[in-house]
Amino acid sequence: MSIDLSAPPLPFSFEVYPPRSDARVPALHETIRRLAASGPRFISVTYGAGGSTGGRSLELLSHILRTTDVEPLAHLTCVGSTFAAANALVREFLDAGITSFLALRGDPPAGVSEDDMFLGDLESAAQLVQLIDRVQAERAPYSEYAIPGVPGAARVAPRTKVDIAVAAFPNGHPRSRHPREHIDALLAKQAAGATLAISQLFFHADDYLAFVQRSREAGVTIPILPGIMPITSPARLRRTLELSGEELPAELAISLEIEPTAEGQRAVGVAHAAQLAREVVDGGAPGVHLYAFNSHDTVLAVLRDAGILTTPLEKESAS
Ligand code: FAD
């Protein structure tokens, strides 16, 4: 399977993270089932930089591969890894049948400065893109297909290419030194062989649309999927700003703060994300990628409100 964003209807996809404990596995599997039933183009699974969630990421990806007809997309990071370790990691995922990746460099653990750790043999996501392609070429230099009616004969065709996505930063990377640096980084990832970019979250459609336009002018031709995160509580907004370095979206922050109930705050978050999705799609986005926080109801509500999801959903009582 591969990721084709050009085929209608408008593609949407989800990001989930591996379960933090065994107790959370059944609920997450139910979420995967519900997300898969909505017909996403892929479901991506995050990977803890430094390998902290590696085994559990692969288990979840294998579960998606085994139990749904949705393409699983594996995030991989290479910060702190030797070349040999990164090579072995990529091979392990390919051997498990995963053929779509989001190649990331990843960040040092919280509180550790880049100067105080071994950052790894691979310096950037672009180098990981090249490594994934190379490992796949070594594993399967060509594809073989049986010739019907000719027992034992096989037709040899070029090798199956893997889909490799990369991260893009509409408002710049938190460590950008000049405004074009993140577009140069994206161009380098494309030159290395990336076929798709997925954006960091943003709060205003113009941030994404202007970034896409600047990227196109600079020579980026790969699709750039907008990453949309429904912010359903003031606590989630604070945590998201801490992690992403994005500026406080004042209007959304106030709307969340003045809502007295958790249900009301969730409705504010869903409405905001749905509006953002509508605006980026109207502006030409090739689809939408939703950060699901391991829960199906909020992201499915966003897609429904945005008019992107039109098929009837299962009744909530099915969970
Ligand atoms: P690269 O672009 O290759 O950059 C390598 C390093 O250079 C960065 O780590 C940073 O130190 C620096 N850098 C990057 N861009 C700039 C710039 N413009 N200016 C200055 N310095 C720069 N992290 C995880 O650990 N696991 C995940 O599963 C994960 N998933 C993500 C999914 C998405 C869609 C996005 C947008 C981010 C995700 N991240 C994840 C976070 C990501 O690892 C960090 O944002 C990281 O700093 C940049 O990763 P990169 O692959 O883009 O690195």
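The values are calculated or read from the model by the stated rules, or taken from the named source; none is laboratory data. None of the values given here were measured: they were computed from a predicted structure. Cβ atoms come from the backbone with ideal geometry, glycine included; neighbour counts cover every protein chain shown. Ligands, DNA and RNA are stripped out before the accessible areas are found, and what is left, the full protein with its side chains, is counted by its heavy atoms. Shrake-Rupley method; radii C 1.70, N 1.55, O 1.52, S 1.80 Å.
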| note | Of (1) within 16 Å of the ligand (Cβ to nearest atom); (2) more than 17 Å from the chain's Cα centre (by Cα); (3) over 26 Å from A96 (Cα atoms); (4) assigned to a helix (DSSP H, G or I), G172 fails just (4)
| field | Hits in segment 115-130 - residues which are within 8 Å of the ligand (Cβ to nearest atom) and either assigned to a loop (DSSP other than H, G, I, E, B) or more than 20 Å from V166 (Cβ to Cβ) (or both) | value | E123, S124
| query | Which one of V79, V70 is at pLDDT 90 or above, away from the ligand (no atom under 14 Å from the Cβ) and surrounded by 19 or more Cβ atoms within 10 Å (Cβ to Cβ)? | reply | V70
| Which condition number in (1) of a type outside the set (D, E); (2) in contact (Cβ under 8 Å) with a residue 12 or more places away in the chain; (3) more than 26 Å from S38 (Cβ to Cβ) is the one that T261 fails? | (2)
| field | Checking S100 against (1) open to solvent by less than 20 Å² (accessible area, probe 1.4 Å); (2) closer than 21 Å to S244 by Cα; (3) of a type in the set (S, T, Y), the condition it does not meet | value | (2)
| In this structure, is P158 of a type outside the set (D, E, K, R), at pLDDT below 95, within 28 Å of L187 (Cβ to Cβ) and open to solvent by less than 70 Å² (accessible area, probe 1.4 Å)? | no
| query | From the list H63, H75, which one is out of contact with any helix residue (DSSP H, G or I) (no Cβ under 6 Å at 6 or more places or on another chain) and under 25 Å from S199 (Cα atoms)? | reply | H75
| note | Counted residues in segment 186-206 being open to solvent by 40 Å² or more (accessible area, probe 1.4 Å) and either modelled with pLDDT under 95 or under 23 Å from L252 (Cβ atoms) (or both) come to 3
| field | Residue that is nearest to F101 (Cα to Cα), among those in segment 131-161 that are within 16 Å of the ligand (Cβ to nearest atom) and either without any contact (Cβ under 8 Å) to a residue 60 or more places away in the chain or touching a Leu at 6+ places or on another chain (Cβ under 9 Å) (or both) | value | I132
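Residue by residue, here is whether (1) under 23 Å from P18 (Cα atoms); (2) open to solvent by 30 Å² or more (accessible area, probe 1.4 Å); (3) touching a Phe, Trp or Tyr at 6+ places or on another chain (Cβ under 7 Å) holds:
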position	(1), (2), (3)
E242	yes, yes, no
E257	no, yes, no
E263	no, yes, no
G284	no, yes, no
Y291	yes, no, no
| query | Restricting attention to segment 225-248, does a residue exist that is farther than 28 Å from A110 by Cα and either out of contact with any helix residue (DSSP H, G or I) (no Cβ under 9 Å at 6 or more places or on another chain) or modelled with pLDDT under 95 (or both)? | reply | no
| So which residues in segment 113-145 are open to solvent by 60 Å² or more (accessible area, probe 1.4 Å) and more than 17 Å from H173 (Cβ to Cβ)? | D115, D116, F118, D121, Q130, R134, E138, R139, P141, Y142, E144, Y145
